[in-house]
1. Using only the alpha carbons of the range 214-378, determine the length spanned along each of the three principal axes and report them from longest to shortest in whole angstroms.
2. Does anyone have the angle between helix 425-439 and the longest principal axis of the chain? Alpha-carbon axes, 0 to 90°, nearest 10?
3. Taking 0.36 nm per residue of sequence separation and subtracting the Cα-Cα distance, how much length would be gained by fully extending the chain between ASN488 and GLU67, in nm to one decimal?
4. Give me the one-decimal Kirkwood hydrodynamic radius in Å for the chain, with the sum taken over alpha-carbon pairs.
5. Could you work out how much longer the chain between GLU109 and ALA292 gets when fully extended? Use 0.36 nm per residue separation minus the Cα distance between them, nm to one decimal.
6. Each residue of the range 277-283 in order: what ³J(HN,Hα) in whole Hz does its phi give by Karplus 6.51 cos²θ - 1.76 cosθ + 1.60, θ = phi - 60°, with x for Gly and Pro?
7. If R₀ is 51 angstrom, what is the calculated FRET efficiency for the pair ASN212 and LEU360, using the beta carbon separation as r and rounding to 0.05?
8. With r defined as the distance between the Cβ atoms of GLN13 and ILE167 and R0 fixed at 22 Å, what FRET efficiency is calculated, to the nearest 0.05?
Amino acid sequence: MKQENSSSLQQEQELKNLSCLYEITKSLASASNLQDGLNKVMETLAEMKGMENGTVSIINPTTGEVEVEIAHNISAHARRRGRYKLGEGITGKVVATGEPIIVPRIGNEPLFLNRTRTRGDEQKQNSSFLCVPIITGSQSIGALSIDRVYPEGFGARSEQDLRFLTITSSLISQTVERIQLVNEEQEALRLENSRLKRELSARNKIEEIIGNSSRMQEVFEMVHRVADSNATVLLRGESGTGKTLVAKALHHNSNRAKGPFIVVNCSALPETLLESELFGHEKGAFTGATEAKQGRFELARGGTLFLDEIGEISPAVQVKLLNVIQERTFQRLGSSKIIETDIRLVAATNRDLETAVKELHFREDLYYRLNVFPIYLPPLRARRTDVILLAEYFLEKYAQENNKQIQRISTPAIDLLNQYHWPGNVRELQNCMERAVLICDGSSIKSIHLPPSLQSSDSISSDKPLSLATAVENFERELIIEALKRTNGNQTKAAKHLDTSLRIINYKIHGYGINPKQFKVK
């Protein structure tokens, strides 16, 4: 009679297991989102099997740590605490070895770390802990664990539950592989679509940035590669190389283009004000805080936050910024409320951060968090072929703004622009062309319209102003070249155009080393 009852109970248990596995399989098969499917699995285990605190932990490929992905009846804050290094604690050990572990009594097991802090002393004493690996192929990628109370005593029932969890973890691993394959195919299609759109608009071209040089083509390529990701980008380069323009291009070419683009100049604000600007504050958080204020991390939600001059922030702000980048959460000043952030972070600096790290002026861990995808912007002197292209762009822009009919840049002025070493980079060239447009009253920018620093090689390394004789020579040389251009290199016609004699023109041409033949149109 006892044997019949035992057999009947065993059959009943097997039917319950099959019914539970059917519900789990149905939930996973219908899930397009892995998290939704796993949440349903954890609910099913709790309702049908009495398995509480069901948790799925997965290896984070970036940090290499095992992190809680899904946890039933556990708060988000507790889940964030559930992190283990490979081999650390029960969960870390299961993932590292690929072998399941049963803990009869949680309170008696020193390896059970209770990182989520969700088990009280009473629950520790009465609960068992079962943990099985999640394996794809031959690689352990995570673990499935549950808490279970065995009123009849720990024994054969736990072994049955362990086998059941092993089957469940196998179903989960199959679903992970399926969804990963679908996601990879969708990502490949999305990237291909994005690539084709860019090629249709213009190959490796960003409208906001002027440049055809090989160095700038490399920058465009890097922008296109990283634009659609959420990776942190660090823009490196001298002041005036166009880091803000590249940051805007990253935003406008990304899938966050419809979101806000928020800029913070870290060097323009003192430490206390910068912290408030970044993270916001509550009313009364400090003297003068008469009302609550959202920080830039909140204002940039769904978009891009650009931190310019990141190398200038103080050590205290560096620590808080590191925590935000790592945890993706922050707190306003004067508040204990945790706020999650959804931003794409772009930072820029003209400092040598590697030296700053060595000299302990900049945190090494923050440096590595920011330097995920560095883009180096070349100085203007390293992209000489872009100088005239940029100069013509600024000429058209400022001529239109000032209602002037300036059509071109003269050859001598072009020569001076090309010869100059541009220590202030694109910003200096922009200011130079704006000044030239304001001074010019004719139809072309001449060398006399350019700043004195460009007029001669001597004045570049000297504080002395341009001499009258040099200025007259430059102007005279430019007039002769312009005349030769108009007359197709004909010296007689050039002399007539300038209302002077052929002898004087020949003398000046020889003195200035001008070759009339180069102005003949073939």
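1. The Cα atoms of the range 214-378 stretch 54, 40, 26 Å along the principal axes, largest first.
2. 40 degrees
3. Values: separation 421, 0.36 × 421 = 151.56 nm, distance 7.53 nm.
Length gained, ASN488 through GLU67: 144.0 nm.
4. After inverting the mean inverse Cα-Cα distance, the result is 29.2 Å.
5. 61.2 nm
6. Taking θ as phi minus 60°, the curve returns 5, 6, 9, x, 8, 8, 4 Hz for the range 277-283.
7. So, using R0 = 51 Å, E works out to roughly 0.75.
8. 0.95
Each reported figure results from applying straightforward, stated rules to the coordinates on display, with no laboratory input. Here the structure is a predicted model, which means the values were calculated and not measured. No Cβ is skipped: glycine too gets one built from the backbone with ideal geometry, and neighbour counts run over all protein chains shown.
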